[in-house]
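Here the structure is laid out as structure tokens; the discussion comes afterwards.
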Amino acid sequence: IYEVISILDDITAKKQIEQALKTEKEFVERLIESAPVMISLVDADRRIVRTNPTLNRASGFGPEEVAGRDLLEFVLEDEREQAADVFRRVMAGESVSHITSRLLTKDGRHCEVDWCFDSLRDADANISGVLMVGHDITELRQAQAQAMQSERLAAIGQMVAGLAHESGNALGRSQACLERLAFRVEHDPAATDLVRRLQAAQDDLQRL
């Protein structure tokens, strides 16, 4: 009877473990599917194993269109060397965070993504692939660029306003001198004509 009880205990424990593993797997599946960030699982040969809906929506590619393809196919050509180096480092056991790269989309555009990388391990604790988690920062970058442009335009506006003010002061002094000069040369038609032309040019500068 003790043997029967022991066997039943073993079966119960085994079922509890199986149920716990099933629950954990279901939780991970829901987490990957519903995560608001981009998630990709890549094998040791740099082949895409899985992507989540957020990444699929951002890239325009369905999961069946990317599965089995080289990760670098979806990276802009001038960033592929960096991406390959990051992949090698993670496969060597290093965690890499905040690497920005441009993800190619199905319609030929690209989105800018801030990636974090970590290694995946098998049951024997050997590194078997790479986990990639990314945040789409395209709109953030655009907003930053617009803010910088606004700051530059504001600085230019301040500079021009200052330049206009100082130029107006200088033109005012020059105009006063020309008026005095016109009084002194009023009996010299040639000199008077030159003064008149100078005053007209100054009026044009004042309008500018």
Which trypsin sites (Lys or Arg not before Pro) in the stretch 95-181 sit in a loop by DSSP (not H, G, I, E or B) and have at most 13 other Cβ atoms within 10 Å of their own Cβ?
K106, R109
Whole-percent carbon and sulfur share, accessible surface of the chain, 1.4 Å
57 percent
Listed residues M159, Q146, V37: farthest to the positive end of the dipole of the chain (Cβ charges):
M159
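Per residue of the chain, what 222 nm ellipticity follows from adding -39500 (n - 2.57) for every DSSP H run with n ≥ 4, rounded to the nearest 500? Can you show the working numbers first?
Working: 6 runs with 122 residues, N = 208.
Helix-only estimate at 222 nm: -20000 deg cm²/dmol.
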Roughly how many nanometres apart are two label points built 7 Å out from the Cα toward the Cβ at L163 and E24?
6.8 nm
Compute the accessible area per residue over the stretch 54-184, keeping the other protein chains in place, probe 1.4 Å, unit Å².
64 Å²
Hey, in the GNM for the chain with a 10 angstrom Cα cutoff, which one of L76, L120, L178 fluctuates hardest?
L178
Taking the Cα centre of the stretch 91-185 as origin, sum charge times position over the Cβ atoms of Lys and Arg (+1) and Asp and Glu (-1), and report the length of that vector in debye to the nearest 20.
940 debye
Can you tell which of T105, T23, T54 shows the greatest fluctuation in a Gaussian network model of the chain with Cα springs below 10 Å?
T23
Taking the 0 to 90 degree range and rounding to the nearest ten, how far is the long axis of helix 2-34 tilted relative to the main principal axis of the chain, both from C-alpha atoms?
20 degrees
How many angstrom separate the Cα center of the stretch 45-96 from the Cα center of the stretch 150-208?
64 Å
Theoretical gain in end-to-end length, Q16 to T138 [0.36 nm per residue, Cα-Cα removed]
39.4 nm
With +1 at each Lys and Arg Cβ and -1 at each Asp and Glu Cβ, the charge dipole magnitude of the stretch 1-121 around its Cα centre, to the nearest 20 debye, comes out at 160 debye
Between helix 138-184 and the chain, what is the angle of the helix's C-alpha long axis to the longest principal axis, kept within 0 to 90° and rounded to the nearest 10?
10 degrees
Starting at the first residue of the stretch 101-117, write each ³J(HN,Hα) from the Karplus equation 6.51 cos²θ - 1.76 cosθ + 1.60 with θ = phi - 60°, in whole Hz, x for Gly and Pro.
9, 9, 8, 6, 9, 5, 8, x, 7, 8, 10, 8, 10, 9, 9, 10, 10
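The values are calculated or read from the model by the stated rules, or taken from the named source; none is laboratory data. The model shown is predicted, which means the values in this text are computed figures rather than measured ones. Don't worry about glycine lacking a Cβ; one is built from the backbone with ideal geometry, like all the others, and counts go over all protein chains shown. For the accessible areas, the whole protein counts, side chains as well, though only heavy atoms, and no ligand, DNA or RNA atoms are used. Shrake-Rupley method; radii C 1.70, N 1.55, O 1.52, S 1.80 Å.
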